[in-house]
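One structure is given here, and the rest of the page talks about it.
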Amino acid sequence: MNRLKMKKPFIKSENYGFLLRMLMGLFFCILCIQIINAQNPPAKSASPAQENLTGLVIDKDGEPLPGVFIQYTDGTRGTVTVVTDSKGSFKMDKIPIGTTLKATLLGMQEKETVFNGKSGITIVLEEKVNELDEVTIVAFGKQKKESVISSIQTINVKELRVPSSNLTTAFSGRIAGMISYQTSGEPGYDNADFFIRGITTFGTGKVNPLILIDNVEVSASELARLHPDDLKSFSILKDATATALYGARGANGVVLVTTKEGKEGKLQVSMRVENSFSSPTKTVEMADPITYMRLANEAAIARNPLAELPYSNSKIEYTMREDRNQYVYPAVDWMDMLTKDITSNQRANINISGGGQVARYYISGAVNQDNGILKVDKRNNFNSNVKFKSYNVRSNINLNLTKTLEAIVRVHGSFTDYNGPISGGSDMYQKILQVSPVRFPAYYEPDAAFKGVNHILFGNYGTGQYMNPYAELVKGYRQESSSRMMAQIELKQDFGEWIKGLSGRLLGNTERYSLFNVTRNYSPYYYEVDSYDRISKEYRLREINPTTGTEYLSYNPGDKNINSTFYGEASLSYNKKLKEIHALSGMLVGTIREYLTGNGSTLSESLPQRNLGLAGRFTYSFSDRYFGEFNFGYNGSEKFDKGHRWGFFPSFGLGWVVSNENFWTGSLKDIVSKF
């Protein structure tokens, strides 16, 4: 008989108590050492000589800097601090020779100066350099621009500030290597499609690149709603060396976006209010009604010379007359009747930033309203024109918990409200193009038999099988609302006190999304001309659908979508420079992502979808001339069979900065400074 064998535990249960006692003993020993050190401080050495000090603090241009904090730590007096006056001068009494003075000012680099006993010193402070000018945003981190081997395109975020509420519409022609095109201008549905590495090698048809905002994967719609004033950096990762760390997810390229953070300095408030006008860049030129009927007749004869003409000569003749009855012989310009040539849009944004050495903050809010070009019928008490409102709130807080530990708390909310035709603005435009201009009018004026009706007498023909775009527009409307909340905390620890160059990072992000839409509409009553007296120019109408039309609004609850996403990330990074010519760096990153939907119709769809990943990057450079880099991504998904859940995606690259060679000098260096 086969017996079930249990796997032996890594640590036996009887050893748990032993291990616990060892840990408690170790902790007790450390505590005793701390107590002994506190009770027996080292013997004080003889006090060093003391001198008075006067000094001046200036910037690199020689201008005095008021409000600079000058401080040092004294064994008997604690921390001593003075502040420079309006002329940048300061004075300190009885300072021990050899004391290290620390000068700090918001927005300037901190500087330490050793007091050598001589008075009248001058301290020069320099502004803090924007790190984006010196480094490039890469996968899971940053690198010096000079050492980047991968194909990465970084764009100045100021170039993305265009008069639009949709960020994706600013990509075309501004980002090298990105192909972008827009297929609809309807507010709320006007996202531009874009791709980086061609029509896809992963999936079917066109697949969007991987999009990361503050290290978290988002959809193209979330990127579209991002306000350009909140952008800090925008980078495109193109080749395999740049995207390997993301494994299969980066097969179509990667878009890396970071949002602004607070800076040391005084409170800064920035506000922008815009009003813009938009109109179709080009409209389809339609044939006039007379040409339409003549061409329709020619087409019918071309197919079958014996066929009956769709439009008789008398209909064409009467339609051409100026004094015709426009309801009996309609010639409708549907585009002019249902659309406007121009509309206006409004946008407002405000952001507040500032902070000190311990805490920095960036808080922003934005409101956008985009309107469609559909005309609103005054006979309705509701608006069926497209109106799209979006609201964005963002808060990024940086906290220096210790000298080596920084916490970043990011909270973001995005909310949208859409109002428009039941089938949408784009579909409404298609219906306008497809309808005949001469088959029936948009509506009829009531004849004697229908004077007392309380509804619009919409035009149609036959059994009412034709589509009337006017009726489709005014019969109802659709409303849609969505909410997206994201909360993130990131911890950055510098382990330089123990191992120089070593740092770690932890990140956790949770996101909640909800959407619902509702439709309210009535069923139109359709009519057609039953008879017409050319002498009196009076017509009689026939009701096509007397039993299916309604005069009240019905309600359809529509779709609902609820989902949540959790993302976690942990990384260790190491950077070391040896003898000023050898530069080494390494990084390991572990990621986990879980997606859960509340709309699953089956058991499998209701279960969480999880992904795990391990990625790494190792670089070496010699004398800032020769560079090597190795990257890998090791990704797993529970969507696949157990034997095929994991994939390994390596890449490597070599680089040579020729302009850093000794022979690259003189006029050659002046002409080509970097090669």
For this session: At 1.4 Å probe size, with every protein chain present, just tell me what the per residue accessible area of the chain comes to in Å².
Result: 58 Å²
Seminar exercise, completed: If each part is reduced to its alpha-carbon centroid, region 318-363 and region 553-583 end up apart, in Å, by 36 Å
For this session: Can you send over the carbon and sulfur percentage of the accessible area for region 176-324, probe radius 1.4 Å, protein chains only?
Result: 53 percent
Problem set entry | Cα gyration tensor category, rounded, prolate or oblate, for region 410-543 with a/c compared to 1.5 | prolate
Exercise. What list of ³J(HN,Hα) couplings, whole Hz, do you get for region 365-380 from phi and the Karplus terms 6.51, -1.76, 1.60, once you set θ to phi - 60° and write x for glycine and proline?
Worked result: x, 9, 10, 10, 9, 10, 10, x, 10, 7, 7, 9, 7, 6, 7, 9
Exercise. Here are several values of volume of the Cα convex hull per residue in Å³: [x] 188; [y] 326; [z] 175. Which one was derived from the coordinates shown?
Worked result: [y]
Problem set entry | Accessible area of PHE69 in the full protein assembly, 1.4 Å probe (Å², nearest 10) | 100 Å²
For this session: For the chain, build the charge dipole from Cβ charges (+1 Lys, Arg; -1 Asp, Glu) around the Cα centre, then report which of VAL518, LEU491, VAL376 sits farthest towards its positive end.
Result: LEU491
Seminar exercise, completed: One finds the C-alpha centres of region 215-270 and region 50-75 to be spaced, in Å, by 40 Å
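What order, most packed first, do the peptides 472-480, 313-321, 614-622, 549-557 have when packing is the mean number of other Cβ atoms within 10 Å of each residue?
The densest-packed peptide leads the list: 472-480, 614-622, 313-321, 549-557.
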For this session: State to the nearest 20 debye the size of the charge dipole of the chain about its Cα centre, where the only charges are +1 on K and R beta carbons and -1 on D and E beta carbons.
Result: 2280 debye
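If ILE373, ILE137 are ordered by their accessible area, calculated over protein heavy atoms with a 1.4 Å probe, which sequence runs from highest to lowest?
The most accessible residue leads, giving ILE373, ILE137.
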For this session: Beta carbons within 10 angstrom, averaged per residue: use that to sort the peptides 483-495, 208-220, highest first.
Result: 208-220, 483-495
For this session: Rank-order 350-359, 239-248 by packing density, defined as the average count of other C-beta atoms within 10 Å over each peptide's residues, highest first.
Result: 239-248, 350-359
Problem set entry | Under 16 Å from LYS111, Cα to Cα: aspartates and glutamates that are on another chain or at least 8 residues apart | ASP59, GLU126, GLU127, GLU264
Seminar exercise, completed: Farthest towards the positive end of the dipole of region 596-675, among PHE622, VAL672, THR597 and with Cβ unit charges of +1 on Lys and Arg and -1 on Asp and Glu, lies the Cα of THR597
Exercise. Classify region 434-505: rounded, prolate or oblate, from the alpha-carbon gyration tensor (a ≥ b ≥ c, eigenvalue square roots; a/c under 1.5 rounded; otherwise prolate if a/b is larger than b/c)?
Worked result: prolate
For this session: Helix by helix through the chain, keep the DSSP H runs that span 18 Å or more along the axis on Cα and average at least -1.0 on Kyte-Doolittle, and give those back in order.
Result: 16-39, 289-303
Seminar exercise, completed: Per the charge dipole of the chain (beta-carbon charges, Lys/Arg positive, Asp/Glu negative, Cα centre), the residue among LEU584, LEU105, THR281 reaching farthest to the positive end is LEU584
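The values are calculated or read from the model by the stated rules, or taken from the named source; none is laboratory data. Bear in mind the structure is a predicted one, so any value in this text is a computation, not a measurement. Cβ coordinates were reconstructed from backbone atoms using ideal geometry, including for glycine residues, and neighbour counts include every protein chain displayed. The accessibility values were calculated without ligands, DNA or RNA, using every heavy atom of the protein model including side chains. Shrake-Rupley method; radii C 1.70, N 1.55, O 1.52, S 1.80 Å.
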